[in-house]
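Please treat every number below as a calculation from the coordinates, not as lab data. Everything numeric here is computed off the predicted structure, so don't read it as measured data. So basically every Cβ, Gly included, is an ideal-geometry build from the backbone, and we count neighbours across all protein chains shown.
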Amino acid sequence: MYLSWIENEMTLTETKIAIDSDALKRGVTITLLLPEESEVSEPVNLLLLNDGQEADNLRIKASLENLYNYGAIKPVLVAAIHAGDERVQEYGTAGIPDFKQRGAKAAAYTKFIVTELLPAIKKVTGIADFNSTAFAGFSLGGLSAMDITWRYPEVFDKVGVFSGSFWWRTKELGKGYTDNDRIMHSIIRNTASKPDLKIWLQTGTKDETADRNMNGIIDSIDDTIDLIKELENKGYTRPADIQYLEMVGGAHNVATWAEAMPKFLVWAFGR
C-alpha cells in the first residue's frame with residue numbers, strides 16, 4: 001500500500017507576542033501557531049498550551065502540519081504560553097496551595113488566562129469567536145490546565161493533561177496524609193455541578209517509580225485512575241467524556257509527550 005503526497009501542503013505562520021500582565025506582575029511571551037489565513041475556509045479552534053517554551057521540543061508545529069496534510073484535524077490556533085521563573089508558584093490549583101505552599105500564585109495565573117490572554121489573542125488575530133477552546137499542559141502544567149478548565153467550563157470545552165501532577169496534596173506523606181488530601185480530586189468531588197467538559201488524560205508506565213501505597217502501580221497512574229473515578233462519580237463516562245492513554249514505556253519527559261501530542265490533537269480537533 002502506498003500513500004500519495006499531498007500537493008498543496010498546509011503552511012503555518014509562527015509569531016510571538018508579549019503581554020505585560022497586571023495579574024502576574026511580569027511580561028509573558030506567547031508563541032502563536034496558525035494556518036495561513038488563505039488556507040482556512042472554516043471556523044478556527046483554539047488550543048492554549050502551558051510550558052509553551054517547550055513547543056519546539058514537543059514538535060507541535062510538525063505534528064500540526066502532518067495532521068493538516070492528511071486531513072486529520074480542523075484548523076486550530078495554538079497559543080503556547082511560555083512559563084516564567086515562578087512556574088511552580090503560578091501553576092497548581094487556584095486558591096489552594098500544596099503542603100509546601102507551592103502554587104500560591106495559581107489564582108493570579110488563572111486571572112491572567114481568562115481576563116488578559118484570551119482577549120489579547122482575539123485582538124491580535126482578529127478572531128472574535130472560536131469553534132472550540134481547549135487547554136493542555138504537562139506535569140504541573142497539566143494540573144494547572146485541569147484546574148482552570150474545571151473552574152471555567154463556560155470558556156473551555158476540552159482539556160488535555162499529559163502526566164498530570166494529580167499527586168498535588170495539602171498534607172505531606174507521613175504527616176497525616178490520606179488520598180483525600182489530593183487537591184484536584186477533592187475539588188472535583190466537592191463541586192456541586194458537572195461542568196460541560198471533555199477530558200483527555202495521559203500517563204506513562206515509566207512516569208516515575210514512586211508507589212506510596214505499595215500496590216505495584218506507580219503513583220502517576222494511580223492518581224490519574226482515581227481522578228477518572230471521581231469524574232465518573234460526577235456522571236462523566238468513558239469514552240464519551242473521558243479519554244485515557246496509558247503509554248507502555250512512556251516517561252515523564254518531553255519526548256513522550258511529543259509522541260502523544262498527535263493523538264491528543266486528533267481527539268480534540270479531529271475531523
Taking the Cα centre of the chain as the origin and placing charges on Cβ (Lys, Arg +1; Asp, Glu -1), which of GLY84, VAL254, TYR152 is farthest toward the positive end of the dipole? TYR152
Going by how many other Cβ atoms sit within 10 Å of their own, how do TRP150, TRP267 line up, fewest first? TRP267, TRP150
Using a 10 angstrom Cβ neighbour count of at most 13 plus a DSSP loop assignment to flag exposed GluC sites (Glu not before Pro), which longest range of the chain is free of such sites? 37-153
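Could you pull out the chymotrypsin sites (Phe, Trp or Tyr not before Pro) across the range 34-114 that fall in loop regions by DSSP (anything but H, G, I, E, B) with no more than 16 other Cβ atoms inside 10 Å?
Filter output for the range 34-114: TYR70, PHE99.
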Tell me the chymotrypsin sites (Phe, Trp or Tyr not before Pro) within the range 170-258 that lie in a loop according to DSSP and have at most 16 other beta-carbon atoms within 10 Å. TYR177
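What relative contact order, as a whole-number percentage, does the range 17-159 give when Cα pairs under 8 Å and 6 or more residues apart are counted?
27
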What is the projected area of the convex hull of the Cα atoms of the range 12-269, averaged over all directions, in nm²? 13.5
Taking the Cα atoms only, what angle lies between the long axis of helix 219-233 and the longest principal axis of the chain, rounded to 10 degrees? 80
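What does the charge add up to near PHE269, with Lys and Arg as +1, Asp and Glu as -1, over the other residues with Cβ less than 11 Å from its Cβ?
So the surrounding residues net to +3.
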Taking the chain and dividing mean pair separation by its residue count, relative contact order in percent (alpha carbons under 8 Å, at least six apart): 18
In whole Å, how far is the Cα centre of the range 80-119 from that of the range 177-203? 18
What number, rounded to the nearest 500 deg cm²/dmol, is the helix-based mean residue ellipticity at 222 nm of the chain, given -39500 (n - 2.57) per DSSP H run of at least four residues and division by all its residues? -8500 deg cm²/dmol
The chain: angle of helix 140-151 to the longest principal axis, Cα-based, in degrees nearest 10: 90
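What is the magnitude of the charge dipole of the range 12-269 about its Cα centre, with +1 placed on the Cβ of each Lys and Arg, -1 on the Cβ of each Asp and Glu, and no other charges, expressed in debye to the nearest 20?
520
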